[in-house]
Amino acid sequence: AALARVAKLQLAEAALAMLLASNEAYCESLEAYMRMQPLSIDGSAFGVPEVFSCGAFLRVDLEEAPFMPDIDSDDEGGGQAQTEGAEEAGAQAAGAGAPDPDDDGPGELPPLQPEPSICPTEVGDGPRVVLVPCREEIVDVAAGQFDDMFDAVKRVADPFASVPGHRAAAARAGVGAGAHGGHPQTIPEDGDLMEPASEQLAYDDEGTRSGGDDDSDAGLDVPLFDPGTWGVGPQIDACRARVQKVVSEGVERAEEIAGLFIEPAESLAVNQRKLLKKLEPINTPLDKYAQYIRRFKAAATAVERAAPDEVWTGLLVVQTRPLKDSLQSRSSRLTAAVLEQLAGKSRRTYAHVCKRCEAMSEETMLPAGDTKGVFDLRALLDAAEVEMEELKRALAACKERDAFLAAYRHVMGDEDASLALDAQAWPKDMITVFEAAWSKVAKEEVHFKGQLKERIAKLEADLGDVAEAVRLYNDIVDCKDLAELAHSGVALVARLARHREAAEAINEEEGLFGWEPSEWPRIAELTKILEPYASLWQIASDLSFRQEEWMHENVTETDPAELEQLVGEWYKKMAKLAKTMPLQEHRTVAEANRATLERFKGYVPIMQAVCNPGMRGRHWDALSGVMGVKVWPGDELTLSALLSAGIEAHLDKLQDVSDGASREHALERQLDAMQADWAGVKFELLPWKETGSFILKGSSVEEAQLLLDDHTVKSQAMVGSPAAAPFITRIEHWVAKLHSMQDIFDAWLTCQQKWMYLGPVYGSEEIAKQMPRERHEFQGADMKWKGIMQHVKQHTQILQVTDTEHLLDDLQACNKAFNVIEKSLNEYLDSKKMLFPRFFFLSND
């Protein structure tokens, strides 16, 4: 039994030694990685398999985070500040996770935990370069390896932590024998720190160590250590701290490698859309483009040279190729976008040059239709030459851009190359076009100058012919065919007007050519000489025609205003011509027409009176009574018939009848206008609270009241007018209608006010109990009011609503009921005031 117990103690010590050796070997392995020294762990000395191997602990990749700033990174100050902030944050994060090497530390250290950081790890200015896996994942891997090592050793030590079932009672008694250091100790049962197996001996119930031979089987049934204390102890915690420190140092070295890529990543952290918008203006210098392209290419080169594709940092192997590919791809995309924008500028410029040169070549070669067209074409050529100089400068800029693109090996497509060749050839072609256009303009100018001289000569000859025609026309004294004479005069006047316009056009073209303007005094002289004769025969012809019309056509179809105007104008001209015409024959004709017109001046009042639009049947009857013959409108009512009936002798009576008709007509139109004013006047309703009924909107009532007041005053004045007799019945009916509307408005507004006041009062159940009879009466009046308002909702025209039968009676009945109810309410309130005198200080409202 003693030998078995000794063997068991030795096995327990071997298990603990294997655990501690495993921890130490794991830490030594990680530290060996950091020293760049391959380390092979020989576990045979500890009785454990060789589970660790040489080489890097873990491979990590550097990658670009999916992030694009809103502005490009030209702002060096901002980028530096952000970089400094990121470095400070990284230092704080490192400080939070790694233990202080100068600190001895407490007796019990926390378990291995990942450092606080954001996954993926941010490096540099914003999330540009990240570690994959991130810091947390790397720490998790180290912790996982540490836990796996515990699991492997645990499987070796499991037999020492178990107790056979048939010896469970002895194990629970906790009695064993052995000697170690001469001091009795109790076997720990509460999960305290695990002691070496040599110290974990069995004790009897009295606390004394049992002897070897006294109880041979007691110590064999007690477990050597408690499984609850597995993995706890100062040595294990120290190993955890070493692992924490090694992992932190390894990640920091990897982040140092990532830091080598910060500067080129910053150079490529550009918002492509905003960059292109910044470079979009056509006059952006090529130096600006070159600056960005050199920046992107330099960044791509710096990325390639920053570090090898695979960097051995000790604990970690950093793969930089993914980051290099990403950043170089970004550099290529940005460079291609900038170059493509530059190529697009040239493409658009070439297209514009071709379009404008084609248009100018067509416009400048168009023929000039007249002298003004020649000078318009000359101005067009001047503007085209100026524009061509601008296009040449644009083409020169395109050449510089094309050379720039070629220097950066930007391939131009076949279509772009063809377009560029066409555009660059246009300046030379336009020289030929301009030469041909100027030659054409010069020939057309000579041609139109010759035409102008011919037109001047022709106009002078035509004026000679017109002068002769005017002389012959003025010598005509035979007035048998007045219409022909009038037509000839009009033709000569029109001919002189055309010559005047031709002379003005000639003077305008002479001004264009810089010539002294020609003078044409004969046109004004001939016009002055011709005008009296043309007027004489024109008025004589028109008078002969209109006289027949005025005398024998229905007078109701004649416009008296036009008659008065023509007779007055023609009379003045004929009176003047009768005195100024040089030939007696012409003066005789003028005098005869003047006499005719003077006679018609006396007929004008007759025509005005007879054609009065206010003449009605009663007026024609009155006129017939005065003249003694029947005078009635119709086809037979002509001026000649009226004159034959002797109307001139009754002109005063005719004027009285016409004036009376005018007054009556004005009164009738005023009455019609008043009735028409009400056509668009409507009641507007507003819902009133929760009653389901409506009230009249104040603005509509005010508008109707103003109109009603105005019409009442006017209608009362119409009743007293002498001209109201024919319409007195209609006027009196209208006056009665207005008075009825006023009564309805007054009763309506009073009823509405009382309904709005009493409605909430008698809607209360408390008042209904106190005054049941009044509430019943109010409900009856309320139903009648709601019926009226429902009718108004369907028919909003005020004239139509106020014609409703018994409307005024219903409103007055409602007002009477509301007055009685209100009186009863006041009496009820007064009775309450007698009981509560303080209510006398309050109004009934």
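What is the residue count in region 588-619 for residues that are open to solvent by 50 Å² or more (accessible area, probe 1.4 Å), without any contact (Cβ under 8 Å) to a residue 40 or more places away in the chain and either in contact with a Gly (Cβ under 9 Å, 6 or more places away or on another chain) or over 15 Å from Ser640 (Cα atoms) (or both)?
Within region 588-619, residues that are open to solvent by 50 Å² or more (accessible area, probe 1.4 Å), without any contact (Cβ under 8 Å) to a residue 40 or more places away in the chain and either in contact with a Gly (Cβ under 9 Å, 6 or more places away or on another chain) or over 15 Å from Ser640 (Cα atoms) (or both) number 5.
Is at least one residue of region 801-816 within 55 Å of the chain's Cα centre (by Cα), among the small types (Gly, Ala, Ser) and open to solvent by less than 50 Å² (accessible area, probe 1.4 Å)?
no
Search region 644-664 for residues being closer than 15 Å to Met551 by Cα and in contact (Cβ under 8 Å) with a residue 40 or more places away in the chain, and hand back the single one that is least open to solvent (accessible area, probe 1.4 Å).
In this case the residue turns out to be Ile647.
Ser518 is checked against (1) in contact with a Gly (Cβ under 8 Å, 6 or more places away or on another chain); (2) more than 21 Å from Leu472 (Cβ to Cβ); (3) hydroxyl-bearing (Ser, Thr, Tyr) and fails just one. What number does that condition carry?
(1)
Output the residues belonging to region 270-289 that are over 15 Å from Ala337 (Cβ atoms) and aliphatic (A, V, I, L, M).
Scanning region 270-289 gives Ile282, Leu286.
Name the residues in region 466-482 that are touching a helix residue (DSSP H, G or I) at 6+ places or on another chain (Cβ under 9 Å), part of a helix (DSSP H, G or I) and open to solvent by 60 Å² or more (accessible area, probe 1.4 Å), would you?
Matches in region 466-482: Arg471 only.
How many of the residues in region 572-587 are in contact (Cβ under 8 Å) with a residue 40 or more places away in the chain and among the charged types (D, E, K, R)?
Pass one, region 572-587, residues in contact (Cβ under 8 Å) with a residue 40 or more places away in the chain: 577, 580-581, 583, 585-586.
Pick out the ones that are also among the charged types (D, E, K, R) and you get 585.
Qualifying residue count for the region: 1.
With respect to the numbered conditions (1) more than 58 Å from the chain's Cα centre (by Cα); (2) open to solvent by 30 Å² or more (accessible area, probe 1.4 Å); (3) touching a residue at least 12 places away in the same chain (Cβ under 8 Å), which one is the sole condition not fulfilled by Pro517?
Of (1) more than 58 Å from the chain's Cα centre (by Cα); (2) open to solvent by 30 Å² or more (accessible area, probe 1.4 Å); (3) touching a residue at least 12 places away in the same chain (Cβ under 8 Å), only one is false for Pro517: (3).
Kindly indicate which of Trp426, Trp438 is at pLDDT 90 or above, crowded, with 18+ Cβ neighbours inside 10 Å and assigned to a helix (DSSP H, G or I).
Going through Trp426, Trp438 in turn, the sole match is Trp426.
In this structure, does Glu280 turn out to be closer than 30 Å to Phe146 by Cα, surrounded by fewer than 17 Cβ atoms within 10 Å (Cβ to Cβ), acidic (Asp, Glu) and modelled with pLDDT of 55 or more?
For Glu280, the condition - closer than 30 Å to Phe146 by Cα, surrounded by fewer than 17 Cβ atoms within 10 Å (Cβ to Cβ), acidic (Asp, Glu) and modelled with pLDDT of 55 or more - is not met.
Within region 365-374, can one find any residue that is in a helix (DSSP H, G or I) and of a type in the set (A, V, I, L, M)?
Looking through region 365-374, at least one residue is in a helix (DSSP H, G or I) and of a type in the set (A, V, I, L, M).
In region 628-642, what residues are surrounded by 17 or more Cβ atoms within 10 Å (Cβ to Cβ) and out of contact with any strand residue (DSSP E or B) (no Cβ under 9 Å at 6 or more places or on another chain)?
Val631, Leu639, Leu642
Is it fair to say Met741 is surrounded by fewer than 19 Cβ atoms within 10 Å (Cβ to Cβ) and assigned to a helix (DSSP H, G or I)?
Here the answer is no, as Met741 does not meet what is asked.
Go through region 641-686 and count every residue that is more than 24 Å from Ala736 (Cα to Cα) and among the aliphatic types (A, V, I, L, M).
Residues in region 641-686 being more than 24 Å from Ala736 (Cα to Cα) and among the aliphatic types (A, V, I, L, M): 12 in total.
Taking only pairs six or more apart or across chains, which ones have beta-carbon atoms under 7 Å, a first residue in region 270-287 that is part of a loop (DSSP other than H, G, I, E, B), and a second residue that is modelled with pLDDT under 90?
So the pair list comes out as Val270/Asp72; Val270/Ser73; Asn271/Met68; Asn271/Pro69; Asn271/Asp70; Asn271/Ile71; Asn271/Asp72.
Could you figure out which of (1) out of contact with any His (no Cβ under 9 Å at 6 or more places or on another chain); (2) over 30 Å from Val610 (Cβ atoms) isn't true of Leu526?
Result: Leu526 passes all but (1).
Do you know which of the residues in region 296-349 that are over 30 Å from Leu405 (Cβ atoms) and among the hydrophobic types (A, V, I, L, M, F, W, C) is surrounded by the fewest Cβ atoms within 10 Å (Cβ to Cβ)?
Let us first name the residues in region 296-349 that are over 30 Å from Leu405 (Cβ atoms), namely 307-322.
Checking which are among the hydrophobic types (A, V, I, L, M, F, W, C) leaves us with 307, 311-312, 315-318.
Working: Ala307: 18, Val311: 19, Trp312: 14, Leu315: 26, Leu316: 24, Val317: 18, Val318: 24.
Taking the candidates together, the pick is Trp312.
Residue-by-condition table, conditions (1) within 35 Å of the chain's Cα centre (by Cα); (2) closer than 30 Å to Ala442 by Cα:
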residue	(1), (2)
Leu323	no, no
Leu327	no, no
Arg348	yes, no
Ser361	no, yes
Pro367	no, yes
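Could you list, in sequence order, the residues of region 450-459 that are of a type outside the set (Asp, Glu) and open to solvent by 60 Å² or more (accessible area, probe 1.4 Å)?
Passing the criteria: Gln451, Lys453, Arg455, Lys458.
What are the residues in region 690-707 that are in contact (Cβ under 8 Å) with a residue 12 or more places away in the chain and outside any helix (DSSP H, G or I), if any?
Here is the first cut: in region 690-707, the ones in contact (Cβ under 8 Å) with a residue 12 or more places away in the chain are 691-697, 699-701, 703-705, 707.
Correct list: Thr691, Gly692, Ser693, Phe694, Ile695, Leu696, Lys697.
Okay, residues lined up against (1) under 20 Å from Asn819 (Cβ atoms); (2) open to solvent by less than 40 Å² (accessible area, probe 1.4 Å); (3) more than 55 Å from the chain's Cα centre (by Cα); (4) basic (Lys, Arg):
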| residue | (1), (2), (3), (4) |
| --- | --- |
| Asp677 | no, no, no, no |
| Val681 | no, yes, no, no |
| Lys697 | no, no, no, yes |
| Val701 | no, yes, no, no |
| His711 | no, yes, no, no |
| Trp734 | no, yes, yes, no |
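Can you spot a residue in region 539-553 that is out of contact with any helix residue (DSSP H, G or I) (no Cβ under 8 Å at 6 or more places or on another chain), of a type in the set (D, E, K, R), surrounded by 14 or more Cβ atoms within 10 Å (Cβ to Cβ) and not in a helix (DSSP H, G or I)?
Yes, because at least one residue in region 539-553 is out of contact with any helix residue (DSSP H, G or I) (no Cβ under 8 Å at 6 or more places or on another chain), of a type in the set (D, E, K, R), surrounded by 14 or more Cβ atoms within 10 Å (Cβ to Cβ) and not in a helix (DSSP H, G or I).
Check whether at least one residue in region 626-648 is touching a Leu at 6+ places or on another chain (Cβ under 6 Å) and not in a loop (DSSP other than H, G, I, E, B), and report yes or no.
no
Within region 289-302, can one find any residue that is within 15 Å of Glu64 (Cα to Cα) and touching a strand residue (DSSP E or B) at 6+ places or on another chain (Cβ under 9 Å)?
no
Being crowded, with 17+ Cβ neighbours inside 10 Å and in contact with a Lys or Arg (Cβ under 7 Å, 6 or more places away or on another chain), is that true of even one residue in region 575-587?
Scanning region 575-587 turns up at least one residue that is crowded, with 17+ Cβ neighbours inside 10 Å and in contact with a Lys or Arg (Cβ under 7 Å, 6 or more places away or on another chain).
The values are calculated or read from the model by the stated rules, or taken from the named source; none is laboratory data. Keep in mind that this is a model prediction, so the values were computed, not measured. FYI the Cβ positions are ideal-geometry reconstructions off the backbone, even for glycines, and counts take in every protein chain you see. Side chains included, ligands, DNA and RNA excluded: accessible areas come from the protein's heavy atoms. Shrake-Rupley method; radii C 1.70, N 1.55, O 1.52, S 1.80 Å.
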